[in-house]
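The values are calculated or read from the model by the stated rules, or taken from the named source; none is laboratory data. Computed from a prediction, not measured in an experiment: that's the story for all the values here. FYI the Cβ positions are ideal-geometry reconstructions off the backbone, even for glycines, and counts take in every protein chain you see.
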Amino acid sequence: MSQHQARIRWARRDDEKFVDSRYSRAHEWEFDGGVTVPASSAVSSVRQPYSKPENVDPEEALVAAISSCHMLSFLYLAAKEGLVVDSYDDLAIGALARNEQGRLAVTTVRLAPCVHFSGARAPSQMDVDRLHHAAHEECYIANSVRTAISVECEWKYVGH
């Protein structure tokens, strides 16, 4: 098995009291590979100027992680089957709503990948559907969350 780490860094500015809840939610995510990502709470959770809309928020990151994991699983499975994928473009959308316990959660994520294939073998609709189903089953992140995940795929075969 493997371990994965991220360091999350935040510090109060000197001019912030903190106890009045008027403090910046901007912080950094530092990953083990060395990449640092500016992060913040979502503006829908904490208003500006205490949130920074240009930074990644945890809800967006969860949606991105689900989409990325699904894509990586899909590409792996397609390659194993001898299908050539030229591009994969997904606009993933997550919805924040109340779950069964009445708590706010990312309850649904809709993946909408557009996949372009080429090469000697053209996939059928059944092939693409089967690959997406298998990718969902393989995805570590999908296997880790209770979020309902749906896939609405467009695809195109462009030949050799």
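Among the residues of region 77-126, count how many are assigned to a strand (DSSP E or B), under 20 Å from E138 (Cβ atoms) and without any contact (Cβ under 8 Å) to a residue 12 or more places away in the chain. So the count comes out to 0.
Counting the residues of region 38-74 that are over 30 Å from D129 (Cβ atoms), surrounded by 13 or more Cβ atoms within 10 Å (Cβ to Cβ) and either touching a residue at least 40 places away in the same chain (Cβ under 8 Å) or more than 12 Å from the chain's Cα centre (by Cα) (or both) gives 11. Scanning region 101-119 for residues that are out of contact with any strand residue (DSSP E or B) (no Cβ under 8 Å at 6 or more places or on another chain) and either of a type outside the set (D, E, K, R) or modelled with pLDDT under 95 (or both) turns up Q101, G102. With respect to R110, is the statement that it is among the basic types (K, R) and either under 22 Å from L77 (Cα atoms) or crowded, with 17+ Cβ neighbours inside 10 Å (or both) true? Considered against the rule, which asks whether it is among the basic types (K, R) and either under 22 Å from L77 (Cα atoms) or crowded, with 17+ Cβ neighbours inside 10 Å (or both), R110 comes out as yes. Screening V145, V128 for residues that are closer than 27 Å to S45 by Cβ, out of contact with any Ser or Thr (no Cβ under 6 Å at 6 or more places or on another chain) and β-branched (V, I, T) leaves exactly one candidate, V145. Taken over region 31-76, the criterion of being aliphatic (A, V, I, L, M) and in a loop (DSSP other than H, G, I, E, B) is satisfied by V35, A42, V43, V46. Among residues of region 22-37 that are farther than 18 Å from A11 by Cα, those with a Cβ under 6 angstrom from a residue that is part of a loop (DSSP other than H, G, I, E, B) and modelled with pLDDT under 95, sequence gap 6+ or separate chain, pair up as D32/Q5. Checking H160, H133 one by one, the residue that is in a loop (DSSP other than H, G, I, E, B) and either more than 18 Å from the chain's Cα centre (by Cα) or over 23 Å from V46 (Cβ atoms) (or both) is H160 and no other.
Assessment of region 130-138 against the conditions (surrounded by fewer than 17 Cβ atoms within 10 Å (Cβ to Cβ), touching a Lys or Arg at 6+ places or on another chain (Cβ under 7 Å), over 27 Å from H4 (Cα atoms) and not hydroxyl-bearing (S, T, Y)) yields no matching residue.
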